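Please read the structure below before turning to the comments.
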Amino acid sequence: MHRSIRNRSAAPAKVTLDMVAEHAGVSPSTVSRILNGTAEVSDDKRAAVEKAVAKLGFVPNPVARGLAGGRTLSIGVLTQAIDSPFYGAALRGIEAALGVAGYSPLFMSGHWHADEESRCIDILRSRRVDGLIVLTGRLSDSALRSVARSLPVVVTGRSLKATNLLSLDFDHREGARQATQHLIDLGHRRIAFIGGVVEHPDAIERLQGYRSAIEAAGLRFEPALVVPGAFTEHSGLLAVEQLLERRTRFSAIFAANDQMAIGAALGLYRHGRRVPDDVSLVGFDDVAGALYMVPPLTTVHHPIQELGELAARAMLNLLAGERPKVEVPTPRLIVRESTRVVTA
């Protein structure tokens, strides 16, 4: 005859939200809002809740929370190129901010095509995402307003107002003006500009910033010094090839993003032009690789990871029925070793 052996160690009691609230000395609703990322509370209260969560080992149940709120706890994120070092930083920021609140991002790439972006949005909506974050792109303002009628939308790179929609717009024109002015201050007078995708709002504003600095300095804007690019390394390489084939005289290049600046540096190297001894070079975005170029790249700091975090937090505010209060950082020039005073 076999006797059953009972496990002497009882299963640990499940830690509940109420237990966390009691331990932290706040209400359960405050704990819930802090975990959702929508609470505006003091740092002390937030720290007390985080400490209680860690000490008690509380693990939120996202499925239960989603069912209770009628949500999937997923956010659609429409980027343009997941493999881009620029957009990759934004996605990291979004993922980090949403993860704290128990939300999961669903990423899709539009590849700079409005039709593809529309298809991506249709797919994300079919997955019943709770909101949509759009990183720039070519969708029209009216299309974004239409989506916002049924789904909270946060979009970057636009100055757009609509119900249930928030736009976060970085001052690309001012950043480009700073970059060009830096080269002018170093004595450069023939500054080539490698532009981005022609129809892209960022590219348009960065060209405007370049031109405004040129004209404010009393210099003549020369279309021959402006070469189109596509925000890729290869397009920066091709732009330099085009400038040199046309025998265009220049002592400096301002590329509308760091990826094109990297390609431009390779083109200059292949033709025996040294940076910055022969040609000064400036980029835009301050991607991680800019610091490790040889020489390190002077560039405009575009806090894209921070913008990703801001976009995610703004989305959480919209989902909580609150109007987000967001302040987008201003551009600032980071001077490194790829620029120098012009020589005769």
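The values are calculated or read from the model by the stated rules, or taken from the named source; none is laboratory data. From a predicted model like this one, the values you see are computed outputs, not experimental measurements. Here Cβ is always computed from backbone atoms with ideal geometry, including for glycine, and neighbour counts include all displayed protein chains. Ligands, DNA and RNA are excluded from the accessible area calculation, which covers all protein heavy atoms including side chains. Shrake-Rupley method; radii C 1.70, N 1.55, O 1.52, S 1.80 Å.
Across segment 116-130, rounded Karplus estimates of 3J(HN,Hα) from the backbone phi angles (6.51 cos²θ - 1.76 cosθ + 1.60, θ = phi - 60°) give 5, 4, 4, 4, 4, 5, 4, 5, 4, 5, 5, 7, 6, 5, 7 Hz, Gly and Pro being marked x.
Under 5 Å between amide hydrogens, built in the peptide plane, is the criterion, and for Val279 it picks out Arg274 among residues at least 5 positions away or on other chains.
Rank Met19, Met293 by accessible area, highest first, at a 1.4 Å probe radius? Don't skip to the answer; put the middle values down first.
Details: Met19 80, Met293 30 Å².
From most accessible down to least: Met19, Met293.
Rounded to the nearest Hz, the phi-derived 3J(HN,Hα) couplings of segment 164-180 under the Karplus curve 6.51 cos²θ - 1.76 cosθ + 1.60 (θ = phi - 60°) are 6, 9, 10, 10, 10, 10, 7, 7, 5, 4, 5, x, 5, 4, 4, 4, 5, where x marks glycine and proline. For segment 208-344, a/c is not less than 1.5, where a ≥ b ≥ c are the root eigenvalues of the C-alpha gyration tensor, and a/b tops b/c. That puts it in the prolate class. The length gained by stretching the chain between Val341 and Leu106 to full extension, at 0.36 nm per residue less their Cα-Cα distance, is 79.9 nm.
Extending 7 Å from the Cα toward the beta-carbon at both Asp122 and Glu306 defines two label points whose distance is 3.9 nm.
When you restrict to C-alpha pairs under 8 Å that are six or more residues apart and normalise by the size of the chain, the relative contact order lands at 16 percent. Using a probe of 1.4 Å on the protein chains alone, the accessible area found for Glu95 is around 100 Å². Ordered from largest to smallest accessible area (heavy atoms of protein chains, 1.4 Å probe), the residues Lys161, Lys55 come out as Lys161, Lys55. At a 1.4 Å probe radius, carbon and sulfur cover how many percent of the accessible area of the chain? Of all accessible area on the chain, carbon and sulfur atoms account for 52 percent.
Report note on the peptides 271-279, 127-135: ranked by the mean count of other C-beta atoms within 10 Å, highest first, their order is 127-135, 271-279. Average accessible surface for the chain: 51 Å² per residue, computed with a 1.4 Å probe over protein heavy atoms with every protein chain in place. For Ser167, the residues whose modelled amide H falls within less than 5 Å of its own, excluding neighbours fewer than 5 places apart on the same chain, are Val155, Leu160.
Total lysine pairs in the chain at Cα distances under 20 Å, for residues eight or more apart or on different chains: 4.
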